[in-house]
Amino acid sequence: MEDRLMSRCLSLARAAARQSNPPFAALLALGEDVVLSASNSTVSESNPLWHAEMKLLTSACRDLSVETRKKCVLYSTAEPCLMCLGAAYWASIPTIIYAASQADVIRIRGSGIALDPVARDAVCPCITFRQSRLRDEALREFEIYYRGNQAPI
């Protein structure tokens, strides 16, 4: 189930890249069911805040009760940045499964801000983090995108 949901997330990321956006995507699952999904649109919408997780969590807070959000798992092609991590915390998301780590993305992009996993866990002790087995597939998408583009957020 986890690989299937992350594969769907990676498909959304490829679609974002076809729109000239960085290949980041996220989905919210309740058990095996995808409740919501979103992809990065920072370039196409000229909005540096429109990370996939921000779009997803904005919709989740509008459309889902806190009780439902507390049962969901957030899947993301990359470990959430500080902004998105804060949004996940305030949206009461208990579990985040990501493909590429922040360190992976920063290495490929050549810039960024990362929160050390120990500090991340201290700041968000109520969120469980797990890296997906599909890390290498996500890294390929980031390498393809950033090889030909500047490093937009």
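The values are calculated or read from the model by the stated rules, or taken from the named source; none is laboratory data. All values reported here derive from a predicted model rather than from experimental measurement. No Cβ is skipped: glycine too gets one built from the backbone with ideal geometry, and neighbour counts run over all protein chains shown. Only protein heavy atoms, including side chains, enter the accessible area calculation; ligands, DNA and RNA are left aside. Shrake-Rupley method; radii C 1.70, N 1.55, O 1.52, S 1.80 Å.
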Interchain or long-range residues, amide H under 5 Å from Val35's placed H: Leu28, Ala29, Leu30
For Cα pairs less than 8 Å apart in space and 6+ apart in sequence, what is the mean separation divided by the residue count of segment 44-153, i.e. the relative contact order in percent? 27
Counting only other residues whose beta carbon sits under 15 Å from that of Leu115, what net charge do I get with K and R as +1, D and E as -1? -4
With every protein chain in place, the accessible area of Met83 for a 1.4 Å probe, in Å² rounded to the nearest 10, comes to 60
Rounded to whole Hz, the Karplus (6.51, -1.76, 1.60) HN-Hα couplings of segment 67-75, x for glycine and proline: 4, 5, 4, 5, 9, 8, 10, 9, 9
Cα radius of gyration and Dmax for the chain (Å): 14.0, 42
For Ala100, other-chain or 5+-apart residues with amide H closer than 5 Å (H placed, Pro excluded) are Ala78, Glu79
Where does the chain land at 222 nm, in deg cm²/dmol rounded to the nearest 500, when only DSSP H runs of n ≥ 4 count, each adding -39500 (n - 2.57), divided by all residues? -13500 deg cm²/dmol
How far apart, in nm, are two points set 7 Å out from the Cα along the Cα-to-Cβ line at Asp3 and at Glu32? 1.5
Could you rank Leu49, Leu115, Leu28 by how accessible they are, 1.4 Å probe, largest area first? Leu49, Leu115, Leu28
Between the Cα axis of helix 135-147 and the main Cα principal axis of the chain, the angle (0 to 90°, nearest 10) is 40
In degrees, nearest 10, range 0 to 90: what is the angle between the Cα axis of helix 52-63 and the longest Cα principal axis of the chain? 30
Just to verify a number: what accessible area does Glu45 come out at with the full protein assembly present, 1.4 Å probe, Å² rounded to tens? 100
Total charge of the residues flanking Arg8 in space, meaning their Cβ is under 13 Å from its Cβ, with Lys and Arg +1 and Asp and Glu -1, is -3
When the chain is fully extended, how far beyond the present Cα-Cα distance does Arg130 get from Ser11, taking 0.36 nm per residue of separation? 40.9 nm
